[in-house]
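Shown next, in structure tokens, is the structure this report addresses.
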Amino acid sequence: MKILYLDCQSGISGDMTLSALIDLGANINYIREQLKALPIDPFSLDVKQVDKRGISSKLLDLQFVESASVELDNAHSHSHSHSHSHSHSHDQEDHSHDHLHTHGHEHTHDDHQHHFHRKASTILDMIKNSELPVRVKERSLAVFQVIAEAEGKVHGMDPKDVHFHEVGAMDSIIDVIGVCLALESLDVSKIIASPVPTGYGKVMIAHGLYPIPAPATAEILKGVPLADFHVKGELTTPTGAGFIKALSDEYGYMPALTIENIGYGAGKKNFEHPNVLRAVLFNEEKAPQREKIIVLECQLDDLTGEALGYTMEKVLAEGALDVYFTPVTMKKSRPGTLITVLTKPEKSLALENLLLRETSTFGVRRSEWSRKILEREFKSVETAYGKVTVKIGKLEGEIMKISPEYEDVKKAAVQYEVPLVDVYLSVQQAAREQAGN
């Protein structure tokens with residue numbers, strides 16, 4: 001399994017991420033071909049080698065060529081062609097990060113429907129209807145959805161009605177889909193992100209002079225750990241924050257695995273520190289399937305059975321891996337309940353707060369565990385009782401466990417009026433036969 005670590009020491013933006021992944025080894029020709037198959041404006045995409053405070057890194061070189069046929073769609077009916085060259089920056093004093101506008105704002109030639117893909121809902125529909133690989137579609141939609149929801153909340157409107165700036169829309173489409181294509185080219189299955197610095201100060205965007213982090217960026221970064229790096233300027237953009245929020249499986253330090261390759265993506269601005277995003281690729285295929293989980297615990301002696309059941313429902317709905325209750329004897333010989341919650345690191349803070357809010361406890365204990373897990377695969381198998389979904393657990397390719405999904409088994413047992421255990425045995429035997437084991 002390929003694992004990508006995004007080392008955001010100097011923040012993160014769309015262009016920095018794309019160029020870092022290309023430097024890491026993503027096939028730029030594959031990215032270009034897939035992007036050019038989309039109904040978007042003509043463009044050229046390349047990278048150039050630059051030096052950032054002694055670190056050789058790649059800077060994205062993105063240019064758009066706007067044809068006369070597109071220009072004729074404008075209210076002014078221009079008859080000439082022109083192009084603009086756009087070198088991105090993650091420290092956007094050129095305002096390239098300000099991709100989103102809402103209804104009711106003063107625009108210039110953007111008001112004349114210069115580009116087709118401006119509305120968030122239109123961009124999402126374009127991705128859904130494209131021939132992009134399934135995982136690229138899913139990741140791209142997740143990033144755009146996160147950004148649109150943040151902008152919609154900030155500006156008080158429905159996310160699908162959020163408008164992208166005419167040039168910014170094209171930048172965003174290429175940055176977001178390009179990064180997701182790069183992840184596909186590298187066959188990345190899991191993404192870990194470091195804490196993210198935002199920078200400080202103010203930045204001029206289309207709506208006026210805004211504090212850093214910009215409101216949309218701050219909204220996206222809710223729930224994401226921030227880094228204490230006091231630098232004047234905008235270090236993280238909405239697109240960069242969108243990648244971290246929508247695509248990261250967990251946040252934290254670099255994993256203790258063997259490094260396969262490292263890539264550096266440059267930002268446009270120069271600081272006293274190297275203005276680069278470092279992307280590190282790991283391959284965990286031959287390593288044990290082990291992951292980090294957080295264990296949360298609290299014990300109480302004054303909660304009713306109904307309240308405990310309600311708490312379990314809420315905890316599972318919040319995304320916990322598991323939750324269980326253990327009877328314990330507390331001080332003064334009082335019978336009590338120990339609540340134990342297993343969760344992935346990125347969900348731990350929300351679940352801690354939920355326990356403090358929904359139960360009578362005054363504190364929640366937290367510990368970090370490592371667990372070895374089987375490779376998991378879900379399959380639909382044909383049985384004497386119809387199709388049943390099973391979860392298959394493998395260790396180094398060998399099937400170790402086959403677990404039929406309870407609800408499917410229950411439905412079959414009721415429908416065929418046979419004991420539940422008979423259906424279980426039949427499903428397990430059919431699954432092994434169809435798996436060739």
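The values are calculated or read from the model by the stated rules, or taken from the named source; none is laboratory data. A quick note: this is a predicted structure, and the numbers were derived from the prediction, not measured. Using ideal geometry, Cβ is built from the backbone for each residue, glycine included, and neighbour counts are taken over all protein chains shown.
Some points to look at:
- Consider segment 17-33 and keep the residues that are out of contact with any Lys or Arg (no Cβ under 7 Å at 6 or more places or on another chain) and among the charged types (D, E, K, R). The one that is surrounded by the most Cβ atoms within 10 Å (Cβ to Cβ) is Arg32.
- Among the residues listed as Val427, Val423, Val414, Val388, the single one being of a type in the set (A, V, I, L, M), closer than 30 Å to Met1 by Cα and assigned to a helix (DSSP H, G or I): Val427
- Taking segment 239-292 as the range and being of a type in the set (Lys, Arg) and closer than 25 Å to Ala218 by Cβ as the test, the residues that pass are Lys245, Lys268, Lys269, Arg278.
- Qualifying residue in segment 164-180 (condition: over 23 Å from Ser121 (Cβ atoms) and touching a residue at least 40 places away in the same chain (Cβ under 8 Å)): no
- Those residues of segment 34-59 which are free of Cβ contacts under 8 Å to residues at least 60 places away in the same chain and surrounded by fewer than 18 Cβ atoms within 10 Å (Cβ to Cβ), in sequence order: Lys36, Pro42, Ser44, Asp46, Lys48, Gln49, Asp51
- Boolean, Ser121 is hydroxyl-bearing (Ser, Thr, Tyr), modelled with pLDDT under 90 and either part of a helix (DSSP H, G or I) or crowded, with 19+ Cβ neighbours inside 10 Å (or both): yes
- Scan of segment 184-214 for residues that are of a type outside the set (A, V, I, L, M), buried (at least 17 other Cβ atoms within 10 Å of the Cβ), touching a residue at least 40 places away in the same chain (Cβ under 8 Å) and farther than 18 Å from Gly267 by Cα, ordered by number: Glu184, Ser185, Lys190
- Flag for Arg135 being touching a Cys at 6+ places or on another chain (Cβ under 8 Å), assigned to a helix (DSSP H, G or I) and in contact (Cβ under 8 Å) with a residue 60 or more places away in the chain: no
- Residue in segment 389-407 that is of a type in the set (Lys, Arg), in the same structural domain as Gly305 (by TED's automatic domain parsing) and under 28 Å from the mean Cα position of the chain (by Cα) present: no
- Flag: Lys394 does not match the condition of being part of a helix (DSSP H, G or I) and without any contact (Cβ under 8 Å) to a residue 24 or more places away in the chain.
- Qualifying residue in segment 152-168 (condition: crowded, with 19+ Cβ neighbours inside 10 Å, touching a helix residue (DSSP H, G or I) at 6+ places or on another chain (Cβ under 6 Å) and in a loop (DSSP other than H, G, I, E, B)): yes
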